[in-house]
Amino acid sequence: MRLVDWLDKGASLGPDAKCLTMDGKNLSYAEVQGLTHRVARGLNGAGITPGKHVAVLSGNDPVAFACVFAISRAAAVWCPINPRNEAAENAFVLDNFDCAALFFHSKFTELVDALRQDLPKLEVLVCLDAEQPFAPSLDQWLAGVADVPFAATPVSDLAMLPGTGGTTGHPKGVMLTNRNLETMTALTLMGYPFEGRPVYLAMAPLTHAAGVLAFPIMARGGEIVIMPYPDIGEFLTLASRHKATHIFLPPTLIYMLIDHPALPATDLSSLQCFWYGAAPISAARLEEAIGKFGPVMAQLFGQTEAPMMISMMAPRDHFHPDGSIARARLSSAGRPGSLVQVAILDAENNLLPQGERGEIVVKGSLVMDGYYKNPGATAEATVNGWHRTGDIGYLDADNYLFIVDRAKDMIITGGFNVYSAEVEAILLSHPAVQDGAVFGLPDDKWGERVCAVVQLRAGHSADPQEIIAHTKAAIGSVKAPKELEIWPDLPRSKVGKVLKREIRAQRLDRKI
């Protein structure tokens, strides 16, 4: 299955069914199909032959997402561009990933105009919604393009070239194949509830998790309701109005949703599956979410290099056979997906037995083909056929995967290893804490000292020393923060993850 085949599969189940919806306007499967044929033919006519790379720079938008399938139909490779990246980073991605064409939304016109002078590889520029002095609108570009089916023969299985987060240096291009995406989609359909035609409410960016989760929805002929910008209140309104069956949110936004005043009056009885992932979740807040949303919570764990489904926890796995909540499992990332292998390695690359902590590694058809034009980074991320995730964790006796921390986020203080995620979980168990970040700062005596910044829940108050005492009581003084600040809000990524790097950098700038 190529990426575009998921669209065609959905269309085969009902061409007149709703496919993409935003602001009350619907595009049927047949309409999206027709648009993708024309755009694919337009790309071909503009010299974008099979195998070339085509970027999309847009917020959540139905036409932008339709262009993703058109790129696949043209047998080209989709390069998602993060709208929130700095201009220099996007320039690097467009150049280093060898993008020959760019579809962009008019809100990014100034950015594209500033970048294009230094991007000689860009052969085609098209604005999705309005003519620009240097680029036609999509409607203008498609004028005269025949509205008949188009097909191209792929030159490889490469389907998608997203960039890594770029936490150190420049982003790396992750070569995801159609087989990778097919495996991810198969795992999703096998592992989670899908009854009838699903309705998926996408608030997270379609260039991130929200986008690839649309593929299994399309395989069932479902509707994708797109939110143009994140808003928790509007999310609740749309979930009820459209009778959403599937939704995805990272933990930070789930915490906001739990506390939203409109939640008690919102009808969410249509929900079959409430996916959460992209960051560790507090077990205490997850149990609270189960109480408020019902038995629909569903965890997923993956990374760009092995998308979404390294491990999975379906709604039923949150409970014991007698119906009671399986509290010990709530801190886990579920069990490894049935089409992947997961293991734990020590520092010498030896496989570890159950219960022992080490680096989580994965192999199987979910794993990328490597980093684009970067064999050194590919080799560094691979050991004996396993892909190194960079996460520290262990597998328990029931094969549940527990992620202790990112290897780079581990704090070494006075010779002791402190896992920031463990401390964050305790902070979030405090009734007044909504979100937080734990990190190490240089310390002349201990090497590093444990520090934290938290955001309080609406209507709650707490003293920093009270929260520190709560943490000490749970995990002892070595792991508890030596310093804790309360901020009114925390910097977050485009998918709502707390930006620990940014928080730590702000603290370092104060030379504390």
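The values are calculated or read from the model by the stated rules, or taken from the named source; none is laboratory data. The structure displayed is predicted, hence computed values, not measured ones. Here the Cβ positions follow ideal geometry from the backbone for every residue, glycine too, while neighbour counts run over all protein chains shown.
What are the residues in region 1-33 that are of a type outside the set (Lys, Arg), buried (at least 16 other Cβ atoms within 10 Å of the Cβ) and in a helix (DSSP H, G or I), if any?
LEU3, VAL4, ASP5, TRP6, LEU7, ASP8, GLY10, ALA11, TYR29, GLU31, VAL32, GLN33
Cβ-Cβ under 7 Å, sequence separation 6+ or interchain: first residue in region 486-506 and more than 20 Å from ASP463 (Cα to Cα) and outside the structural domain of PRO251 (by TED's automatic domain parsing), partner among the hydroxyl-bearing types (Ser, Thr, Tyr) and surrounded by fewer than 16 Cβ atoms within 10 Å (Cβ to Cβ). Which pairs?
ARG501/THR167
Residues that are in contact with a Ser or Thr (Cβ under 7 Å, 6 or more places away or on another chain) and surrounded by fewer than 23 Cβ atoms within 10 Å (Cβ to Cβ): does region 34-50 have at least one?
Yes, region 34-50 contains at least one residue that is in contact with a Ser or Thr (Cβ under 7 Å, 6 or more places away or on another chain) and surrounded by fewer than 23 Cβ atoms within 10 Å (Cβ to Cβ).
For region 360-476, give me every one of the strands (runs of 3 or more DSSP E) that falls completely inside it and has 1 or more residues that are under 22 Å from the mean Cα position of the chain (by Cα).
Result: 386-395, 401-406, 433-443.
Applying the selection to region 253-275, what residues are crowded, with 22+ Cβ neighbours inside 10 Å and among the hydroxyl-bearing types (Ser, Thr, Tyr)?
TYR255
What's the total number of residues in region 8-31 that are of a type in the set (A, V, I, L, M, F, W, C), in contact (Cβ under 8 Å) with a residue 24 or more places away in the chain and touching a Pro at 6+ places or on another chain (Cβ under 8 Å)?
So the answer is 3.
Name the residues in region 150-175 that are at pLDDT below 95 and in a loop (DSSP other than H, G, I, E, B), would you?
ALA151, PRO162, THR164, GLY165, GLY166, THR167, THR168, GLY169, HIS170, PRO171, LYS172
Has region 453-468 got at least one residue that is surrounded by 21 or more Cβ atoms within 10 Å (Cβ to Cβ), touching an Asp or Glu at 6+ places or on another chain (Cβ under 6 Å), touching a residue at least 40 places away in the same chain (Cβ under 8 Å) and within 21 Å of VAL418 (Cβ to Cβ)?
Yes, some residue in region 453-468 is surrounded by 21 or more Cβ atoms within 10 Å (Cβ to Cβ), touching an Asp or Glu at 6+ places or on another chain (Cβ under 6 Å), touching a residue at least 40 places away in the same chain (Cβ under 8 Å) and within 21 Å of VAL418 (Cβ to Cβ).
Considering region 78-122 alone, what residues qualify as being closer than 15 Å to GLY47 by Cβ and either more than 24 Å from the chain's Cα centre (by Cα) or buried (at least 18 other Cβ atoms within 10 Å of the Cβ) (or both)?
CYS99, ALA100, ALA101, LEU102, PRO120, LYS121, LEU122 - these are the residues of region 78-122 that are closer than 15 Å to GLY47 by Cβ and either more than 24 Å from the chain's Cα centre (by Cα) or buried (at least 18 other Cβ atoms within 10 Å of the Cβ) (or both).
Limited to region 250-268, what total is found for residues that are free of Cβ contacts under 8 Å to residues at least 24 places away in the same chain and not in a helix (DSSP H, G or I)?
Total satisfying the criteria: 1.
State all residues of region 401-446 that are buried (at least 20 other Cβ atoms within 10 Å of the Cβ), in contact with a Ser or Thr (Cβ under 8 Å, 6 or more places away or on another chain) and modelled with pLDDT under 85; if no residue qualifies, say none.
Result: ASP405, ASP409.
Among the residues of region 290-315, write down those that are surrounded by fewer than 24 Cβ atoms within 10 Å (Cβ to Cβ) and out of contact with any Phe, Trp or Tyr (no Cβ under 7 Å at 6 or more places or on another chain).
Within region 290-315, ILE290, GLY291, LYS292, GLY294, GLN303, THR304, PRO315 meet the criteria.
Got at least one residue in region 270-287 being touching a Ser or Thr at 6+ places or on another chain (Cβ under 6 Å), at pLDDT below 95 and not in a helix (DSSP H, G or I)?
no
As an exercise: evaluate ARG327 against (1) in contact with a Lys or Arg (Cβ under 8 Å, 6 or more places away or on another chain); (2) within 19 Å of LEU428 (Cα to Cα); (3) charged (D, E, K, R) and give the number of the one condition it does not meet.
(1)
Which condition breaks for ILE247 when tested against (1) assigned by TED's automatic domain parsing to the domain that holds VAL340; (2) assigned to a helix (DSSP H, G or I); (3) crowded, with 20+ Cβ neighbours inside 10 Å?
Unmet for ILE247, out of (1) assigned by TED's automatic domain parsing to the domain that holds VAL340; (2) assigned to a helix (DSSP H, G or I); (3) crowded, with 20+ Cβ neighbours inside 10 Å: (2).
Failed condition for ILE360, given (1) of a type in the set (A, V, I, L, M); (2) within 29 Å of PHE92 (Cα to Cα); (3) touching a Ser or Thr at 6+ places or on another chain (Cβ under 8 Å), with all others met?
So ILE360 meets the others, but not (2).
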